[in-house]
Amino acid sequence: MSGLDGIFGIFGVGCGIYCLYGYYMLKVRGEILQSLFLPKDADLNRCKDLKGYCNEAQMPALVLGIIVLIYGAVDLYNTYIHGVTVLLLAATIISVFAALVFFCLRVKKINKKYFDI
(Lines give C-alpha, C1' and ligand atoms only; values in the text may rest on other atoms or scores of the structure.)
Protein backbone atom coordinates (compact mmCIF):
# COMPACT_ATOMS: atom_id res chain seq x y z
CA MET A 1 0.00 0.00 0.00
CA SER A 2 1.27 3.42 -0.89
CA GLY A 3 0.40 6.64 0.90
CA LEU A 4 -2.30 7.55 -1.60
CA ASP A 5 -4.41 4.42 -1.32
CA GLY A 6 -8.02 5.34 -0.83
CA ILE A 7 -7.65 8.98 -1.90
CA PHE A 8 -10.47 8.62 -4.42
CA GLY A 9 -12.69 7.03 -1.79
CA ILE A 10 -12.02 9.88 0.65
CA PHE A 11 -12.62 12.40 -2.12
CA GLY A 12 -15.86 10.61 -3.08
CA VAL A 13 -17.16 10.55 0.49
CA GLY A 14 -16.30 14.23 0.92
CA CYS A 15 -17.99 15.24 -2.33
CA GLY A 16 -21.04 13.13 -1.54
CA ILE A 17 -21.40 14.75 1.87
CA TYR A 18 -21.01 18.21 0.32
CA CYS A 19 -23.73 17.48 -2.26
CA LEU A 20 -26.02 16.21 0.50
CA TYR A 21 -25.25 19.39 2.45
CA GLY A 22 -26.29 21.36 -0.65
CA TYR A 23 -29.52 19.36 -0.71
CA TYR A 24 -30.07 20.12 2.99
CA MET A 25 -29.52 23.83 2.42
CA LEU A 26 -32.06 23.83 -0.43
CA LYS A 27 -34.65 21.70 1.35
CA VAL A 28 -34.51 22.93 4.93
CA ARG A 29 -33.03 26.42 4.87
CA GLY A 30 -34.10 27.54 1.39
CA GLU A 31 -30.60 28.76 0.53
CA ILE A 32 -28.54 28.14 -2.60
CA LEU A 33 -24.92 27.02 -2.24
CA GLN A 34 -23.38 29.15 -4.93
CA SER A 35 -20.25 27.00 -5.18
CA LEU A 36 -22.32 23.92 -5.99
CA PHE A 37 -25.12 25.26 -8.17
CA LEU A 38 -24.07 28.56 -9.75
CA PRO A 39 -21.15 29.98 -11.71
CA LYS A 40 -18.75 32.31 -9.90
CA ASP A 41 -20.09 35.51 -11.39
CA ALA A 42 -23.77 34.75 -10.74
CA ASP A 43 -25.67 37.10 -8.44
CA LEU A 44 -28.01 35.34 -6.01
CA ASN A 45 -30.24 38.42 -5.90
CA ARG A 46 -31.13 37.96 -9.59
CA CYS A 47 -33.07 34.75 -8.91
CA LYS A 48 -36.61 35.05 -10.27
CA ASP A 49 -38.13 32.59 -7.78
CA LEU A 50 -35.92 31.34 -4.94
CA LYS A 51 -38.46 28.82 -3.66
CA GLY A 52 -39.02 27.39 -7.14
CA TYR A 53 -35.27 27.12 -7.70
CA CYS A 54 -34.82 25.32 -4.39
CA ASN A 55 -37.62 22.88 -5.20
CA GLU A 56 -36.26 22.03 -8.65
CA ALA A 57 -32.58 21.78 -7.68
CA GLN A 58 -33.14 19.41 -4.74
CA MET A 59 -33.45 16.19 -6.71
CA PRO A 60 -30.23 16.52 -8.76
CA ALA A 61 -28.24 17.36 -5.61
CA LEU A 62 -29.73 14.42 -3.71
CA VAL A 63 -29.11 11.92 -6.52
CA LEU A 64 -25.52 13.06 -7.06
CA GLY A 65 -24.80 13.14 -3.33
CA ILE A 66 -26.06 9.63 -2.68
CA ILE A 67 -24.34 8.06 -5.69
CA VAL A 68 -20.98 9.74 -5.06
CA LEU A 69 -21.16 8.86 -1.36
CA ILE A 70 -21.82 5.21 -2.25
CA TYR A 71 -18.89 5.25 -4.68
CA GLY A 72 -16.60 6.65 -1.99
CA ALA A 73 -17.73 4.06 0.53
CA VAL A 74 -17.25 1.20 -1.96
CA ASP A 75 -13.79 2.47 -2.89
CA LEU A 76 -12.73 2.77 0.76
CA TYR A 77 -14.11 -0.69 1.48
CA ASN A 78 -12.23 -2.05 -1.51
CA THR A 79 -8.99 -0.38 -0.46
CA TYR A 80 -8.89 -0.97 3.29
CA ILE A 81 -11.19 -3.85 4.21
CA HIS A 82 -11.75 -6.41 1.49
CA GLY A 83 -11.47 -6.35 -2.27
CA VAL A 84 -14.68 -6.08 -4.27
CA THR A 85 -15.33 -7.33 -7.76
CA VAL A 86 -14.26 -5.32 -10.75
CA LEU A 87 -17.87 -5.32 -11.90
CA LEU A 88 -19.00 -3.51 -8.73
CA LEU A 89 -16.25 -0.92 -9.03
CA ALA A 90 -17.04 -0.37 -12.69
CA ALA A 91 -20.76 -0.05 -11.93
CA THR A 92 -20.15 2.57 -9.24
CA ILE A 93 -17.80 4.58 -11.46
CA ILE A 94 -20.27 4.51 -14.37
CA SER A 95 -23.04 5.52 -11.96
CA VAL A 96 -21.00 8.49 -10.77
CA PHE A 97 -20.41 9.69 -14.32
CA ALA A 98 -24.09 9.24 -15.21
CA ALA A 99 -25.18 11.12 -12.07
CA LEU A 100 -22.69 13.89 -12.79
CA VAL A 101 -23.99 14.33 -16.34
CA PHE A 102 -27.58 14.30 -15.03
CA PHE A 103 -26.69 16.89 -12.37
CA CYS A 104 -24.92 19.19 -14.82
CA LEU A 105 -27.69 19.10 -17.41
CA ARG A 106 -30.47 19.65 -14.87
CA VAL A 107 -28.70 22.45 -13.01
CA LYS A 108 -27.84 24.17 -16.29
CA LYS A 109 -31.50 24.05 -17.31
CA ILE A 110 -32.65 25.28 -13.88
CA ASN A 111 -30.09 28.11 -13.90
CA LYS A 112 -31.26 29.20 -17.32
CA LYS A 113 -34.87 29.20 -16.12
CA TYR A 114 -34.33 31.13 -12.86
CA PHE A 115 -31.19 33.21 -13.52
CA ASP A 116 -31.05 33.56 -17.33
CA ILE A 117 -27.52 32.16 -17.30
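Just a few scattered comments:
- Selection of segment 22-48 for residues being under 24 Å from VAL96 (Cα atoms), touching a residue at least 24 places away in the same chain (Cβ under 8 Å) and of a type outside the set (Lys, Arg) yields GLY22, TYR23, LEU26, ILE32, LEU36, PHE37, LEU38, PRO39.
- Against the list (1) open to solvent by 80 Å² or more (accessible area, probe 1.4 Å); (2) more than 20 Å from the chain's Cα centre (by Cα); (3) more than 25 Å from ILE110 (Cα to Cα), the condition ARG46 fails is (3).
- Qualifying residue in segment 90-113 (condition: touching a residue at least 40 places away in the same chain (Cβ under 8 Å), surrounded by 14 or more Cβ atoms within 10 Å (Cβ to Cβ), among the small types (Gly, Ala, Ser) and within 20 Å of TYR24 (Cα to Cα)): no
- Check on GLY65, buried (at least 18 other Cβ atoms within 10 Å of the Cβ) and modelled with pLDDT of 95 or more: yes
- Candidate set: segment 1-18, residues that are part of a loop (DSSP other than H, G, I, E, B) and open to solvent by 100 Å² or more (accessible area, probe 1.4 Å); chosen: the one modelled with the highest pLDDT: LEU4
- Filter pass, ALA99 being in a helix (DSSP H, G or I), under 17 Å from PHE115 (Cβ atoms) and in contact with a helix residue (DSSP H, G or I) (Cβ under 6 Å, 6 or more places away or on another chain): no
- Of the criteria (1) loosely packed, with under 15 Cβ neighbours inside 10 Å; (2) at pLDDT below 95; (3) within 17 Å of ILE117 (Cβ to Cβ), which one TYR80 fails: (3)
- Within the span defined as segment 49-71, one or more residues are within 24 Å of TYR21 (Cβ to Cβ), of a type in the set (D, E, K, R) and without any contact (Cβ under 8 Å) to a residue 24 or more places away in the chain.
The values are calculated or read from the model by the stated rules, or taken from the named source; none is laboratory data. Everything quoted here is computed from the prediction, not taken from an experiment. All Cβ positions, glycine included, derive from the backbone under ideal geometry; neighbour counts span all protein chains shown. Each accessible area value is taken on the protein alone, full model and side chains, heavy atoms only, with ligands, DNA and RNA left out. Shrake-Rupley method; radii C 1.70, N 1.55, O 1.52, S 1.80 Å.
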